[in-house]
Each structure stands twice: as C-alpha cells, then as structure tokens.
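Working notes, beginning with the structure itself.
No lab work stands behind these numbers, since they all come straight from the coordinates. Predicted model, so just to flag it, every value in this text is computed and none were measured. Cβ placement follows ideal geometry from the backbone for every residue including glycine, while neighbour counts extend to all protein chains displayed.
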Amino acid sequence: MALRRRDKILLFKVSALLSLVRWYNIFFLALSQYLAVIFVLNEPSLWKSILLDPNVHLIVFASLFSIAAGYIINNFYDLEKDLINRPNKTLYEKLLKQSTTLRLYFLFTFTAAIFAWSVSWNVLFFFAFFNFALWFYSHKLKKITFIGNLMAALLTITPFFAIFLYFHLEDLLILTYVSFLLLVIFIREIIKDLEALKGDVIIGYPTLPATIGVEKTKWLVALFTLSGLAPGAAVVYKVGFQGISYFMIAGLAALFFSAGLLAFAEKKEHFHYLNYLYRLMIVGGIFSLILLA
C-alpha cells in the first residue's frame, strides 16, 4: 500500500511538472520545427536523410528544454498573480516545491546548453542568449507595458530562427509568413492580459488593459488586426491563389472574426474563449507549414 501511495504521489508530481512547463505548447513547438525542416527548408522527398541528421534533433531538443526552463522561471515570478487568476491550477503545480522547480530550471537550462554545444559554438551562443532573454523577460521586460507583449511573441518564435540559421534561410516568403504568425501570437498575448486583468491590477502589473483600459486595448487589437493585411497580401501576391495563400486568407478571416468577437467581449470567460480561438489559429498556422513546400 505504501508503494502504491508513493507511486501516486510521483505520478501527481510528474503531472504537475508537465502542467508547469506547458507540455502541449512544447509538443507543438517540436512539431512545428520538424514540419519547417522537412517541408519548408528542404525537399520533402529528402525527409529520411533530414531526420537522420543528429544536429536537427539536437537543435529541437535544445529549444524544448529552453522553453521548459522559460515556463518554470516565468511561473516563479508570476506566482502571486497566478494564485489570483488561476488558483486551482497554480496550487496543483505547487505540488512541486519551489526549490525543486528552481533546480529543474537550472537543469533544463544546462541540458539545453549541452545539446546546443553539441551542434556548434554558434548554436550554443544563440541558445545562451535565448535563455538569458527568457529570464530577463520574466524578471523585467514582462512588467513593461506593450514591450512585454512584444517580447513574449518574439521569444515564442525565436526557436524557429535556430533552425533557419542552421539551414541558412534567405526566403522572403517564409519570413513574411512567419511575420503573420508573429502578429497572431502578439495579439494573443494581449488577449491573455485581458483575461488576467484582475490579477494584474491587484499585483500592479502595468499591462495594456491595466494601463489604458479595456476599451482602448480593444481598439489597439483592431488596429493590429488590420496590419495583418500587409503580410497576407504579400503572400498572395507572391504565390497567387494556391497553397499557402488559402491559409493566409482563412487566417485573415479568422483574425477579423476574432476581433469582431473581442468588441463584444466583457467577461473573463469571453477572453478565455478568445484565447483558445487564437491558439487554434496558431496551431493551424503550424500545420499549414506543409503548404510552403
């Protein structure tokens, strides 16, 4: 019986760790990197030789451990706010002692460095800067109005650039497509701030909604949504009405539809559903990478 109880406790702790590092986001990051490597940066017919390249896997795993470490340190600094905005989930994740999570943070960061160093010194420097940026964002930049949202979006797509640099990407079309995904991620970060407004106000986080108000933030989101027309039009102009253009058109339609829903959103639950809608757009953008082949 004692053994079963220990097993249950261990299972709960593993589950809490997976929740803490947002395993689903890490899964989609790995998936998107592999899709980009196979369908975007190389000929899909060469997928076997690509997957036999150990450096590809080392870069992907360096990204995953870096992001996991980033989530841990971000939760460490956001503990007070998270206890207000999502108390049940935060208390569940607190099954892991704070000292344990900090040790895991350093372990994951060190592991990411080992993977990166195994590829090259340049990749190691890239991930060293990336991990520092993740810490600096959680410690300082997140509390700066607007800059925090922008940095969160940039850090989300930074692992892609490790892959892009390794394969010497110079394709303007792909960079334009990534800029559209960056815009969607950026808007989602603002939606998350609208959802977490109560905790931000109590703790004193100067997010956009807490600083300029909900209505003005909605108008800003509408303005950012309009800016999505530029990369969308650029992609359609470049490739015509085929392949990736269909996703761009569908993505723009979803973006404007979401902005319309945001105009009528008032309660936390409304922003919560919008958060998931933007997440679905991001997932759709990941799977649409195959259309760039």
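Potential lengthening of the chain between Lys238 and Gln98 amounts to 45.3 nm, from the contour at 0.36 nm per residue minus the alpha-carbon distance.
What is the pair-distance distribution P(r) of region 171-293, computed from all Cα-Cα distances in 10 Å bins starting at 0, with each bin given as a whole percent? Answer for region 171-293: a P(r) of 13, 44, 27, 14, 2 percent. Global size of region 14-169: 16.4, 50 Å for Rg and Dmax (C-alpha atoms, Rg to one decimal, Dmax whole).
A value for Cα extents along the principal axes in Å was derived from the coordinates, and within the list (i) 53, 51, 38; (ii) 62, 50, 37; (iii) 73, 40, 33 it appears as (ii). Of the residues Leu11, Ile38, Leu58, the one whose Cα sits farthest toward the positive end of the charge dipole of region 1-68, with +1 on the Cβ of Lys and Arg and -1 on the Cβ of Asp and Glu, is Leu11.
Estimated at 0.36 nm per residue, the fully extended path between Leu52 and Ser120 surpasses their Cα-Cα distance by 22.7 nm. By the rule of a C-alpha distance below 30 Å, with chain neighbours fewer than 8 residues away ignored, the lysines paired with Lys268 are Lys13, Lys81, Lys89, Lys94, Lys97, Lys140, Lys142, Lys143, Lys192, Lys198, Lys216, Lys218.
Couplings for region 129-135, taken from phi via the Karplus curve 6.51 cos²θ - 1.76 cosθ + 1.60 with θ = phi - 60°, read 5, 4, 5, 5, 5, 4, 5 Hz in order; Gly and Pro are left as x. Among Glu43, Glu195, sorting on how many other beta-carbon atoms sit within 10 Å of each Cβ, with the fewest leading, yields Glu43, Glu195.
Amide H to amide H, with H built 1.01 Å from N, Gly228 comes under 5 Å of no residue 5 or more places away or on another chain.
Computed from phi, the 3J(HN,Hα) profile of region 264-270 under the Karplus parametrisation 6.51, -1.76, 1.60 (θ = phi - 60°) reads 9, 6, 10, 8, 4, 5, 5 Hz, with x in place of Gly and Pro.
Eigen-decomposition of the gyration tensor built on the alpha-carbon atoms of region 77-170 gives equivalent ellipsoid semi-axes of 28, 19, 11 angstrom, largest listed first. I need the shape label for region 115-213. Rule: rounded when a/c is under 1.5, else prolate if a/b > b/c, else oblate, with a, b, c from the alpha carbon gyration tensor. Because a/c hits 1.5 or more and a/b fails to exceed b/c, region 115-213 counts as oblate.
Cβ crowding within 10 Å ranks Arg86, Arg6 as Arg6, Arg86, fewest other Cβ atoms first. If you average the C-alpha positions of region 258-280 and of region 117-196 separately, how far apart do those two centres end up, in angstrom? Value for the Cα centre distance between the two parts: 23 Å. Rounded to whole numbers, the Karplus 3J(HN,Hα) couplings from phi for region 277-291 are 5, 5, 4, 4, 4, 5, 4, x, x, 5, 5, 6, 4, 5, 6 Hz, using 6.51 cos²θ - 1.76 cosθ + 1.60 with θ = phi - 60°, and x at Gly and Pro. Sorted ascending by nearby beta carbons within 10 Å, beginning with the fewest, His272, His168 become His168, His272.
What residues of region 134-150 lie in the reach of a label at Val201, counting those whose backbone N is under 20 Å from a point 7 Å from the Cα along Cα→Cβ? Flagged as within label range: 143-146.
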